[in-house]
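K.L.:
I'd like to ask you about the structure that follows.
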Amino acid sequence: MNDVLIKYWELERLVERLTSIIDEFESAGDRTGEIRSAVGYPWGRSELTEKASEAESRWSYKRAKLTESLIGIRDHGQAVYEAFQEFDAEAAAKFEAGENPPSS
């Protein structure tokens, strides 16, 4: 089996960045009302406002799905990070005790 070189700080940073992105997406919320206010009704017509609102609604749905996927990736990254730390601690303890290292 090939060795795997994973730096803890890289895994930790990955989890932190994913958490930051997730927080940003979750706090973004639905801005349909803001869009309606910003676009208004140019020349007394509502088509542009309606299209902008539709686009925001679609983005809100896609953002929720993306957030869900990012949470899964973050959780897997966190699990890998914790598993490697646990293995490392166990291997170090066995090494210090003069025992054989744990099998991977």
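K.L.:
Among the residues of the range 72-92, how many are within 20 Å of Arg17 (Cβ to Cβ) and either under 16 Å from the mean Cα position of the chain (by Cα) or surrounded by 14 or more Cβ atoms within 10 Å (Cβ to Cβ) (or both)? Let's see the steps before the verdict.
P.N.:
Our first condition is that a residue be within 20 Å of Arg17 (Cβ to Cβ); within the range 72-92, this holds for 72-85.
Pick out the ones that are also either under 16 Å from the mean Cα position of the chain (by Cα) or surrounded by 14 or more Cβ atoms within 10 Å (Cβ to Cβ) (or both) and you get 72-81, 84.
Going through the range 72-92 one residue at a time, the tally reaches 11.
K.L.:
Same structure, new question: Given the options Ala55, Ala92, Ala83, name the one that is more than 30 Å from Ser103 (Cα to Cα) and in a helix (DSSP H, G or I).
P.N.:
Working: Ala92 fails: more than 30 Å from Ser103 (Cα to Cα); Ala83 fails: more than 30 Å from Ser103 (Cα to Cα).
The unique qualifying residue is Ala55.
K.L.:
Further question on the same structure: Where the second residue is exposed (fewer than 13 other Cβ atoms within 10 Å of the Cβ) and the first is hydrophobic (A, V, I, L, M, F, W, C) and lies in the range 46-60, which pairs have Cβ atoms under 7 Å and are six or more apart or on separate chains?
P.N.:
Pairs that qualify, where the first residue is hydrophobic (A, V, I, L, M, F, W, C) and the partner is exposed (fewer than 13 other Cβ atoms within 10 Å of the Cβ), are Leu48/Pro42.
K.L.:
With surrounded by fewer than 14 Cβ atoms within 10 Å (Cβ to Cβ) and at pLDDT 90 or above as the only criterion, which of Ser104, Ser46, Ser69 stands out?
P.N.:
Working: Ser104 fails: at pLDDT 90 or above; Ser46 fails: at pLDDT 90 or above.
Of the residues listed, the single one that is surrounded by fewer than 14 Cβ atoms within 10 Å (Cβ to Cβ) and at pLDDT 90 or above is Ser69.
K.L.:
Sticking with this structure for a sec: What is the residue count in the range 1-41 for residues that are part of a helix (DSSP H, G or I), more than 16 Å from the chain's Cα centre (by Cα) and modelled with pLDDT under 85?
P.N.:
Just the residues of the range 1-41 that are part of a helix (DSSP H, G or I), to begin with: 8-28, 32-39.
Okay, now just the ones that are also more than 16 Å from the chain's Cα centre (by Cα), so 8-9, 32-39.
With modelled with pLDDT under 85 added as a condition, the list becomes 32-39.
The qualifying residues number 8.
K.L.:
On to the next question. Which ones in the range 8-20 are exposed (fewer than 15 other Cβ atoms within 10 Å of the Cβ) and not hydroxyl-bearing (Ser, Thr, Tyr)? Don't jump to the end; show me each part of the working.
P.N.:
Kept after step one, since they are exposed (fewer than 15 other Cβ atoms within 10 Å of the Cβ), are these residues of the range 8-20: 8-10, 12-13, 16-17, 20.
Selection gives Trp9, Glu10, Glu12, Arg13, Glu16, Arg17.
The values are calculated or read from the model by the stated rules, or taken from the named source; none is laboratory data. Owing to the predicted nature of the structure, the values given are computational and were not obtained by experimental measurement. When we count neighbours, we look across all protein chains shown, and the Cβ atoms used for this are built from the backbone with ideal geometry, even at glycine.
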